[in-house]
Amino acid sequence: MRPRRGLVLYLLAGLLLTLSGCEDAATVALKAWMEKTRHQTQPPPPKLALPLSLQPFRYEAAQRADPFDSKNIAAGFAASHSTGAGLQPDLQRGREPLEAFPLDSLKMVGILRRPGLAIGLIEADKTIYQAKLGNYLGQDLGRVVAISERAIEIDEMVQDPGGNWNHRRVQLNLQEK
């Protein structure tokens, strides 16, 4: 009987190993669904820190001038920047082609020299224009006052917040490609 008992134990151990290695279709489907869900699930967004609480600044200098009063700003600007009382541009004159463009969109691309005459070449909107002394350009009533090898000097007339007209000198520098 002894040999049979060993045989039964071997058969029983083999049967248990065989059954433990088998999975039914429902278990396989459940494991596949769990794996798919794990890959599709996005992690929760990270927690954001609370914003800092800001304390507003209160301007309480009653004896001082209000820095935001437009009358004080205009008066201070006019007193410090006015170069000539009574300046008025000629707003009735005909406009020249280069006055249609803002000054920052114009590029000096060259210069032509003839005896006693300098002509600046200016590119605007992919077109080359000629500018001589006295020509107007830019949208701030700019007038060409000097042409050199490196720049065109322009005298603009601008209006300050107080309504006064002032001269401002700017340069249109040569743009090398």
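Rule-based calculations on the coordinates, nothing more; no lab input. Quick caveat, the model's predicted, so the values are computed rather than measured.
Tabulated results
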item	result
Interchain or long-range residues, amide H under 5 Å from residue 143's placed H	137, 155, 156
Calculated from backbone phi, Karplus (6.51, -1.76, 1.60) coupling profile of the stretch 144-153 in Hz, x at Gly/Pro	5, 10, 7, 10, 10, 5, 10, 7, 10, 9
Under the Karplus curve 6.51 cos²θ - 1.76 cosθ + 1.60, θ = phi - 60°, whole-Hz ³J(HN,Hα) for the stretch 89-101, x wherever Gly or Pro sits	x, 7, 7, 8, 5, x, 7, 9, x, 6, 7, 7, 10
Karplus-derived 3J(HN,Hα), 6.51/-1.76/1.60, for each residue of the stretch 32-39, Hz, glycine and proline x	5, 5, 5, 5, 5, 5, 4, 6
